[in-house]
Amino acid sequence: MSKKRYLLFFILLFIYTTLYAKEASSQRFLVISYHDIVDNDVNPKSLNPPDKQAVSQKNFIAHLAWLKSHHYQIMTVQDLVDAAAGQKNLPDKAVMLTFDDGYQSFYTHVFSQLKKHHYPATLALMGSWMGEQRVEGQPKIPLMTWPEVREVAASGLVEIASHSYDLHHGIVSNPQGNQQSAVTSRLYDQEYEEYEKDEAYRQRIFEHIGKSADFIFQNLGLRPRVMVWPYGEYNTIAIDAAKIAGLSITMGL
């Protein structure tokens, strides 16, 4: 993590603190989204291709220490559900920790820190990546195994979420061949020179979101209730698909 990005992290937290944290009744909270947590001696820029979203283990530990020393309260998904139902208030300076993609670094670098601080977190799994045990376009990045997922879920600290089954990529979305989010874009068929029909698009989105929820249930024995949108992109059709799949809480970026 560069010094500039590291500084930005604390600037955002400072802005949150000064604007919102003193309003105990505002029910505001902050979500921090992490991806891969890499070894201290690995520069994310040196990876091939560079992983600009990766954070070193040293910096991640420093983040947690900073949050703790400044009295931030790490909240669970259930805290959010209860607050939305009017059954409780969120704590002052509430923060939710989320981790996308299911990288094995969650198990090797993150889980021990969560247990140390007794901090909850949300882990969003990509179905097709978990099924093939490889990240699309990044075959060298290890993913968690299902026994590891079961272990962290059984700890009571980790909420397992869906990151879709196979929508974490771009699709050709116009005659020029540009690629955009598979969640929110209609596929453009270059051979037949036509866009995906509305019903075909709707069926594709419902299928992949429902399949993700079923896949997690089959391997974990628990149905997810949280949908974390790939690239943070979604629309009303995607929201409807998530609700029908039992994913009542969705997260963007």
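Could you tell me whether residue 100 is among the charged types (D, E, K, R), in a loop (DSSP other than H, G, I, E, B) and out of contact with any Phe, Trp or Tyr (no Cβ under 7 Å at 6 or more places or on another chain)?
So residue 100 does not fit the description; no.
Out of all the residues in region 161-186, which are in contact with a strand residue (DSSP E or B) (Cβ under 6 Å, 6 or more places away or on another chain) and crowded, with 21+ Cβ neighbours inside 10 Å?
Hits for region 161-186 are 161, 162, 163, 182.
I need the full set of residues from region 34-54 which are more than 11 Å from residue 110 (Cα to Cα) and either modelled with pLDDT under 75 or among the β-branched types (Val, Ile, Thr) (or both), in order please.
Within region 34-54, 42, 43, 44, 45, 46, 47, 48, 49, 50, 51 qualify.
Out of all the residues in region 96-144, which are more than 14 Å from the chain's Cα centre (by Cα) and among the charged types (D, E, K, R)?
Those that are more than 14 Å from the chain's Cα centre (by Cα) and among the charged types (D, E, K, R): 115, 116, 132, 134, 136, 140.
Go through region 59-94 and give me each residue that's loosely packed, with under 13 Cβ neighbours inside 10 Å and farther than 13 Å from residue 27 by Cβ.
Within region 59-94, 65, 69, 71, 78 meet the criteria.
Is there a residue being closer than 19 Å to residue 39 by Cα, of a type in the set (A, V, I, L, M, F, W, C) and modelled with pLDDT under 95 anywhere in region 124-137?
Yes, region 124-137 contains a residue that is closer than 19 Å to residue 39 by Cα, of a type in the set (A, V, I, L, M, F, W, C) and modelled with pLDDT under 95.
Take region 224-250 and flag every residue that is over 11 Å from residue 183 (Cβ atoms), buried (at least 21 other Cβ atoms within 10 Å of the Cβ) and either touching a Gly at 6+ places or on another chain (Cβ under 9 Å) or free of Cβ contacts under 8 Å to residues at least 24 places away in the same chain (or both).
Once the filter is applied, which keeps residues that are over 11 Å from residue 183 (Cβ atoms), buried (at least 21 other Cβ atoms within 10 Å of the Cβ) and either touching a Gly at 6+ places or on another chain (Cβ under 9 Å) or free of Cβ contacts under 8 Å to residues at least 24 places away in the same chain (or both), region 224-250 yields 224, 228, 245.
Considering only residues that are hydrophobic (A, V, I, L, M, F, W, C) and not in a helix (DSSP H, G or I), which ones fall in region 80-97?
Listed by number, the residues that qualify are 85, 90, 94, 95, 96, 97.
If you go through region 209-223 one residue at a time, do you hit one that is touching a strand residue (DSSP E or B) at 6+ places or on another chain (Cβ under 7 Å), of a type outside the set (A, V, I, L, M), closer than 16 Å to residue 130 by Cβ and touching a residue at least 24 places away in the same chain (Cβ under 8 Å)?
yes
Looking at region 143-253, what helices (runs of 4 or more DSSP H) fall wholly within it and have at least 2 residues that are in contact with a Phe, Trp or Tyr (Cβ under 6 Å, 6 or more places away or on another chain) and closer than 28 Å to residue 38 by Cα?
Once the helices (runs of 4 or more DSSP H) in region 143-253 are filtered for at least 2 residues that are in contact with a Phe, Trp or Tyr (Cβ under 6 Å, 6 or more places away or on another chain) and closer than 28 Å to residue 38 by Cα, what remains is 146-154, 198-220.
Which residue pairs have Cβ atoms under 9 Å apart, sit 6 or more places apart or on different chains, and have a first residue in region 168-190 that is farther than 21 Å from residue 125 by Cα and a second that is among the small types (Gly, Ala, Ser) and surrounded by fewer than 13 Cβ atoms within 10 Å (Cβ to Cβ)?
186/200; 187/200; 188/177; 190/177
The values are calculated or read from the model by the stated rules, or taken from the named source; none is laboratory data. Not measured: the values here are computed from a predicted model. Virtual Cβ from ideal backbone geometry, glycine too; neighbours counted across all protein chains shown.
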